[in-house]
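The values are calculated or read from the model by the stated rules, or taken from the named source; none is laboratory data. Just so it is clear, the model here is predicted, and its values are computed rather than measured. Because the Cβ atoms are built from the backbone with ideal geometry, glycine has one as well, and the counts that use them run over all protein chains shown. Note: areas computed on protein heavy atoms with side chains; ligands, DNA, RNA excluded. Shrake-Rupley method; radii C 1.70, N 1.55, O 1.52, S 1.80 Å.
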Amino acid sequence: YEEAIQLSRRASNKVSIYMKLIDISEKSALYPQMITYLDKLSQVASNQIKLDAKLDWITYNRKLGNHNEIITEIDNLLGQSEYQSIYMKLELEQAKVYLDQKDFETTKLLLSDFTSSYERKDESAEAFYHLGYIALMEDFDLVLAKDYFDSAKKEKSSSKYGKKAKDMKVVIEEFTTLQEEYEYRVENPELEEE
């Protein structure tokens, strides 16, 4: 297939061959090669295929932990008008890269800006979910986490992250109930005998 790409003169043939190579790489879990093919595909493809190739390139680079490359590439893409239609997804991916790196302050800043710019989207529900997750797991601020999960649910309750936020709210409520029961028992030891 790689030799066929060199011999092919038509862009549509190259796109088709790169897509086959990407499929083979994915099935064989050859992610470094897949990333290379996705990059080359985005150079020869046009329209939606090019945009999807870039988003997939980001996804698989995140799996491999190539965070600096992704941040550089996203900064570059955000400055190009041809990527305007996926600008929102790129901004969210940028925040998720910082989250992967456990840079929670930068992530919170990016996600807060994101949620103030976009609303009623699957992506904004995801952003609120991530903010809630950080508030819960890193800051252990149950009230703030619950507020973020509420916001995620309100943004798009039918989305994947809207549903996850609903589940996380239930977990927080169950934990709070158990905590209150424990504190009540500690304050009233005579009830323990009953």
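Test Glu93 against the stated conditions and say whether it is open to solvent by 20 Å² or more (accessible area, probe 1.4 Å), within 11 Å of the chain's Cα centre (by Cα) and within 30 Å of Ser12 (Cβ to Cβ). Don't jump to the end; show me each part of the working.
On the way: open to solvent by 20 Å² or more (accessible area, probe 1.4 Å): yes; within 11 Å of the chain's Cα centre (by Cα): yes; within 30 Å of Ser12 (Cβ to Cβ): yes.
Yes, satisfied.
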Across the range 73-90, the tally of residues that are hydroxyl-bearing (Ser, Thr, Tyr) and either open to solvent by less than 60 Å² (accessible area, probe 1.4 Å) or under 12 Å from the mean Cα position of the chain (by Cα) (or both) stands at 1
Kindly check whether there is at least one residue in the range 96-107 that is part of a helix (DSSP H, G or I), over 17 Å from the mean Cα position of the chain (by Cα) and free of Cβ contacts under 8 Å to residues at least 12 places away in the same chain.
no
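May I ask you to list the residues in the range 38-78 that are outside any helix (DSSP H, G or I) and either in contact with a strand residue (DSSP E or B) (Cβ under 7 Å, 6 or more places away or on another chain) or on the phi > 0 side of the Ramachandran plot (or both)? Outline the logic, then answer.
The initial filter retains those residues of the range 38-78 that are outside any helix (DSSP H, G or I), namely 45-46, 65-66.
The one that is outside any helix (DSSP H, G or I) and either in contact with a strand residue (DSSP E or B) (Cβ under 7 Å, 6 or more places away or on another chain) or on the phi > 0 side of the Ramachandran plot (or both): Gly65.
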With Asp139, Asp150, Asp167 as the choices, which residue is out of contact with any Leu (no Cβ under 8 Å at 6 or more places or on another chain) and not in a helix (DSSP H, G or I)?
Asp139
Between Tyr98, Tyr18, Tyr87, Tyr118, which is farther than 24 Å from Lys160 by Cα and among the aromatic types (Phe, Trp, Tyr)?
Tyr18
Within the bounds of the range 169-192, is there any residue that is open to solvent by less than 40 Å² (accessible area, probe 1.4 Å), of a type outside the set (Val, Ile, Thr) and touching a residue at least 40 places away in the same chain (Cβ under 8 Å)?
no
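Could you check, for the range 27-44, whether at least one of its residues is under 15 Å from the mean Cα position of the chain (by Cα) and open to solvent by 70 Å² or more (accessible area, probe 1.4 Å)? Quick ask: steps written out before the conclusion?
Our first condition is that a residue be under 15 Å from the mean Cα position of the chain (by Cα); within the range 27-44, this holds for none.
No; the residues of the range 27-44 include none that is under 15 Å from the mean Cα position of the chain (by Cα) and open to solvent by 70 Å² or more (accessible area, probe 1.4 Å).
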On the given criteria, is Lys146 surrounded by 14 or more Cβ atoms within 10 Å (Cβ to Cβ), farther than 24 Å from Asp100 by Cα and not polar (S, T, N, Q)?
no
